[in-house]
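I have placed the structure first, in the form of C-alpha cells, so that the comments after it can refer back to it.
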Amino acid sequence: MDVESILHGAWEFRVEHKGIKTFSSKVKGSSIHGFKGETELQVSIKKLISIFHDMGNYSRWVHQLADMDVLEKKDGVEYVVRQVINTPWPLLKREMIMRTGLAAAGENSVAVTMKGEPDYLPANPRFHRVRHSVGMWVFTPTDQGKVHLTFVMHVDPGKDVPPPVSNAGMFEVPFYSLKNLRNLVMDASYNPPYPEEIEQHLSFIEDAAGTP
C-alpha cells in the first residue's frame, strides 16, 4: 500500500457527514473492501505526530479500542503495537499486532504506516488474532493552515464475520476515529510532548503560524 495508490486509487465515494468523507474500494483477492476516510483539521503536523506517539491515550480516539500495548520501539519512528478491538457479542474481540512507521510522503506530507505481524506473539485463545491488516495515515498541509488527513485501511476480521457484515460496518472505523481525533485536537488541555528524536529520521517544513 503506497501513498500514490491511497490518494489517487480507484476509491468509490460513499458518504460525507460532519465534514468527514468516507470511501470504499475493492481489494484484489479479498471479499473484504478497503476503506478510506478524509477530513481537514486546524492543527499542526507536529501536534498530529505528538498525538500518534502518545499511545497511552489511543483509547480516547481509536474507534472501539479496548486495549493497547507497545511491544517494541525503535528510534522513536518504528513501533510494534498490539491492539484489542471490541466486537459485538458473541464474537471474540479482535487482536491485531501491527508494525507502524513514520515516513516522508512527498510534497511535505508525512505518513504513518501500519502492517500486520500476526505471528509476533503466540496466539491467545481469549481473542481472535487478525491475520491480515494493512493501512496508512497521511498528513498533508494545506494552504489555509490546516492539515488534510487521509486514513486508509484494509482488515480481514476473520471467517466468523461474514464479508457483507464486515463491509457494511467498515465506515464506522474511519468516521468515528476521525471524529474523535478532531475532538482531541480541539481540547486545549491535551498537549502530548513532541518526540524530538524523530527529527533524526524525518524532516518537514514547520506548519503555518496560528495552528495548534
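Values quoted throughout were computed directly from the atomic coordinates according to the rules given, and no laboratory measurement underlies them. These figures come from a predicted structure and were not determined experimentally. Here the Cβ positions follow ideal geometry from the backbone for every residue, glycine too, while neighbour counts run over all protein chains shown.
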**Request:** If a/c stays under 1.5 just call it rounded; otherwise compare a/b with b/c (prolate if a/b is bigger, oblate if not). Do that for the stretch 18-95, with a ≥ b ≥ c from the square roots of the Cα gyration tensor eigenvalues.
**Result:** oblate
**Request:** Pull up all non-local amide H partners of Leu71: gap of 5 or more, or a different chain, and H-to-H distance under 5 Å with H placed in the peptide plane.
**Result:** Val80, Val81, Arg82
**Asked** Fewest first, what order do Leu65, Leu178, Leu102 take by the number of other Cβ atoms within 10 Å?
**Response** Leu65, Leu102, Leu178
**Complete:** Karplus ³J(HN,Hα) for the stretch 68-81 (6.51 cos²θ - 1.76 cosθ + 1.60, θ = phi - 60°; Hz, whole; x = Gly/Pro) runs 8, 10, 8, 9, 7, 9, 9, 6, x, 10, 10, 9, 10, 10
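Per DSSP helix of 4 or more residues, -39500 (n - 2.57); summed, then divided by the residues of the chain. What does that give at 222 nm, rounded to the nearest 500? Numbers along the way, then the final one.
Working: 4 runs with 36 residues, N = 212.
After summing the helix terms and dividing by the residues of the chain, the value is -5000 deg cm²/dmol.
Give the order of Ile49, Ile198 when sorted by the count of other beta carbons within 10 angstrom, beginning with the fewest. Could you put the intermediate results ahead of the total?
Numbers: Ile49 20, Ile198 17.
Placing the least packed residue first, the sequence is Ile198, Ile49.
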**Asked** What list of ³J(HN,Hα) couplings, whole Hz, do you get for the stretch 149-159 from phi and the Karplus terms 6.51, -1.76, 1.60, once you set θ to phi - 60° and write x for glycine and proline?
**Response** 9, 10, 10, 10, 7, 10, 10, 9, x, x, 5
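Quick one: pull the percentage of alpha-carbon pairs in the chain with a separation above 33 Å. Working shown, then result.
Working: 2587 of 22366 pairs.
I get 12 percent for the Cα pairs in the chain exceeding 33 Å.
Among Val152, Val185, Val84, Val15, which comes first, second and so on when ranked by fewest other beta-carbon atoms within 10 Å?
Numbers: Val152 25, Val185 21, Val84 18, Val15 10.
Sorted ascending by nearby Cβ count, the order is Val15, Val84, Val185, Val152.
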**Item:** Fraction of beta bridges assigned by DSSP in the stretch 3-190 that are antiparallel (%, nearest 5)
**Value:** 95
